[in-house]
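J.: Please find one structure pasted underneath; my questions will follow.
The values are calculated or read from the model by the stated rules, or taken from the named source; none is laboratory data. Since this is a predicted model, take the numbers as computed values, not measurements. Virtual Cβ from ideal backbone geometry, glycine too; neighbours counted across all protein chains shown. All accessible areas refer to the heavy atoms of the entire protein, side chains included, with ligands and DNA or RNA removed. Shrake-Rupley method; radii C 1.70, N 1.55, O 1.52, S 1.80 Å.
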Amino acid sequence: MRLADLEKYDPITIQCHDNPDADAIGAGFGLYTYFKSIGKNTRLIYSGQNKIHKANLKLMVEKLEIPIVYMEDKDTYIDGLLITVDCQYGAGNVTKLKADRVAVIDHHQIEMPKLELKEINSSLGSCSTLVWKMMKEENFPVEEDRILSTALYYGLYSDTNQFAEIYNPVDMDMRDAIPCNMSMIRLFRNSNLSLAELEVAGIAMIRYIYNDDHKYAIIRSKPCDPNILGMISDFLIQVDEVWSCIVYNEINDGYKFSVRSCVKEVNASELAAFVSEQIGSGGGHMEKAGGFISRKLYEEYYPTLHSEAYFSEKMNEYFDHTEIIYADDYEVDIADMDKYCKKKIPLGFVKATDIFPVGTPITIRTLEGDVDMMVAPKLYIMIGVKGEVYPSTKGQFEKSYRIMDEPYNLQDLAERTEYIPTIKNRVDGTARFLTSYAGTCIANGKIGIYAKQIDQMVKVFTNWGGDKYMLGKKGDYLVVRCDDLHDIYVVEQDAFLKTYEPCME
Ligand SMILES: [Mn+2]
């Protein structure tokens, strides 16, 4: 659904969830601004038991002059179109108003699948990002409106624990692109807690679950603002005996949680994705991450399990069923592996020096996250079948590939991935599509690999440098180059099947 699809309705009422947070208000304000600008009779409302009372939200509404109105009368009929934002019409966290035509714009898990008019993207960190993206799609000049930009920025900032738990590249693009009034953000940020919440945080820290074998801790907090989960986990991870931790609480429609790690063997982002797999969403960075578990799905999958047991079991499963491989010292056993060659399908490659000069620190942004590198004379960047990106060197490249004449097929990649990888110069902030510089190459079939399908999680610290491991899940492939038995890595199942075939010898 696009915003243009909603333009036939008038008047338009935008409703935030009850007890609106900064994201609902920011996203709602974005939609309000959009529909107002095309001359619609528009209003921004919320309902529920309580009026906005948190200090930071009151400041946000006042300083950015957001015309949000509290709707006391829950029986009024909504004429024209009702849009629920950051929530889904009919779900538990939003008062159901009477309306005939309803649209939903949200970034939570789908709860109300039957609604026809909806745009739901649950991989985004905030609904403000979704609204920003939709406004951009209609060519609305969001960046020219500093007040609106500040509202959207603060929405994302609050929903991702001050960007600590941001992971979707589109969220990062918005964060980097919109101008915002930092002194206002500072003002909001420093009115974030009430005295009552300070007490909730204090009490939470007294009771914890601790696992001695794996050095993890879990804390369940009483209901509080999700920001507080981040603060408690930031505190907890500083304990010497705690190497990773989860802090969570129960909210209206599920569980909100924060993850921290201080060891390279546990990537917080992936642990967050692991504990919310199938029943929610999660992600973030190496050290900090967070996520959400939907109550509806939790009850479907784990009808009798209480939440403390769930988190403990998931943590144990995570640690007990993972093999860690340090490629530099690992003696790979090729006896149980098969030999494969790269299929003769076109791949993308970029000479890093074609984009930025040698020595430029760059960030490559892909669907799987940001990768930092430095432009080196012989650095080649490969673009795989699903938009995955990995480094190579001139020498390796020439041994394995043949360069083709035809230009890189962007359309083809766009059909296979949700996000086209970008490359950013970290010195001046300029960002470009990696694909604009890509040539096409095809494997020459000379260099083969040994591979086997893995039956549990595997973390590989490759010999490409860096402290970040590659994660392989059950079904993915563990791969080693035939000409270098310490060049070990992991290829995702689907990408493997698209890229490799048994060698014809
Ligand atoms: Mn939100």
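J.: Could you run through the stretch 149-188 and say how many residues are part of a helix (DSSP H, G or I) and under 14 Å from the mean Cα position of the chain (by Cα)?
T.: 10
J.: Hey, among 104, 94, which residue is in the same structural domain as residue 160 (by TED's automatic domain parsing), under 29 Å from residue 284 (Cβ atoms), open to solvent by less than 40 Å² (accessible area, probe 1.4 Å) and at pLDDT below 90?
T.: Within the list 104, 94, the selection yields 94.
J.: Do we have residue 312 as in contact with a Gly (Cβ under 6 Å, 6 or more places away or on another chain) and in a helix (DSSP H, G or I) here?
T.: no
J.: Out of (1) within 15 Å of the ligand (Cβ to nearest atom); (2) open to solvent by 40 Å² or more (accessible area, probe 1.4 Å); (3) part of a helix (DSSP H, G or I), what's the single condition that is false for residue 119?
T.: (3)
J.: Could you list, in sequence order, the residues of the stretch 398-420 that are in a helix (DSSP H, G or I) and modelled with pLDDT of 90 or more?
T.: Matches in the stretch 398-420: 398 only.
J.: Shifting gears a bit: Of the conditions (1) within 29 Å of residue 58 (Cβ to Cβ); (2) modelled with pLDDT of 90 or more, residue 193 clears all except one; give me its number.
T.: (2)
J.: Restricting the search to the stretch 463-492, which residues are open to solvent by 70 Å² or more (accessible area, probe 1.4 Å) and farther than 21 Å from residue 400 by Cβ?
T.: Correct list: 467, 468, 473, 474.
J.: Go through (1) open to solvent by 40 Å² or more (accessible area, probe 1.4 Å); (2) over 22 Å from residue 196 (Cα atoms); (3) not hydroxyl-bearing (Ser, Thr, Tyr) and name the single condition residue 16 misses.
T.: Single failed check for residue 16: (1).
J.: Let me ask something else about it. Within the set of pairs 6 or more residues apart or between chains, which connect a residue that is within 16 Å of the ligand (Cβ to nearest atom) inside the stretch 128-153 to a residue that is among the polar types (S, T, N, Q) with Cβ atoms less than 6 Å apart?
T.: 130/121; 152/128
J.: For the stretch 126-148, enumerate the residues that are in a helix (DSSP H, G or I) and within 17 Å of the chain's Cα centre (by Cα).
T.: Correct list: 127, 128, 129, 130, 131, 132, 133.
J.: Moving on to the next point. Considering only the stretch 1-56, how many residues are away from the ligand (no atom under 16 Å from the Cβ), closer than 21 Å to residue 143 by Cβ and in contact with a Ser or Thr (Cβ under 6 Å, 6 or more places away or on another chain)?
T.: Of the residues in the stretch 1-56, 3 are away from the ligand (no atom under 16 Å from the Cβ), closer than 21 Å to residue 143 by Cβ and in contact with a Ser or Thr (Cβ under 6 Å, 6 or more places away or on another chain).
J.: Just checking, does the stretch 65-80 include any residue being within 14 Å of the ligand (Cβ to nearest atom), part of a loop (DSSP other than H, G, I, E, B) and touching a residue at least 40 places away in the same chain (Cβ under 8 Å)?
T.: No; the residues of the stretch 65-80 include none that is within 14 Å of the ligand (Cβ to nearest atom), part of a loop (DSSP other than H, G, I, E, B) and touching a residue at least 40 places away in the same chain (Cβ under 8 Å).
J.: Consider the stretch 189-212. How many of its residues are in a loop (DSSP other than H, G, I, E, B) and without any contact (Cβ under 8 Å) to a residue 40 or more places away in the chain?
T.: Number satisfying all stated conditions: 7.
J.: Oh, and also: Would you be able to say whether some residue in the stretch 154-161 is under 22 Å from residue 277 (Cβ atoms), of a type outside the set (S, T, N, Q) and within 16 Å of the ligand (Cβ to nearest atom)?
T.: The answer is yes; a qualifying residue exists.
Per-residue answers, yes or no, for (1) on the phi < 0 side of the Ramachandran plot; (2) surrounded by fewer than 12 Cβ atoms within 10 Å (Cβ to Cβ):
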| position | (1), (2) |
| --- | --- |
| 49 | yes, yes |
| 53 | yes, yes |
| 57 | yes, no |
| 62 | yes, yes |
| 79 | yes, no |
| 86 | no, no |
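J.: May I ask you to list the residues in the stretch 268-298 that are over 14 Å from the mean Cα position of the chain (by Cα) and open to solvent by 20 Å² or more (accessible area, probe 1.4 Å)?
T.: If the condition is that a residue be over 14 Å from the mean Cα position of the chain (by Cα) and open to solvent by 20 Å² or more (accessible area, probe 1.4 Å), then 278, 287, 295, 296, 297 are the ones that fit.
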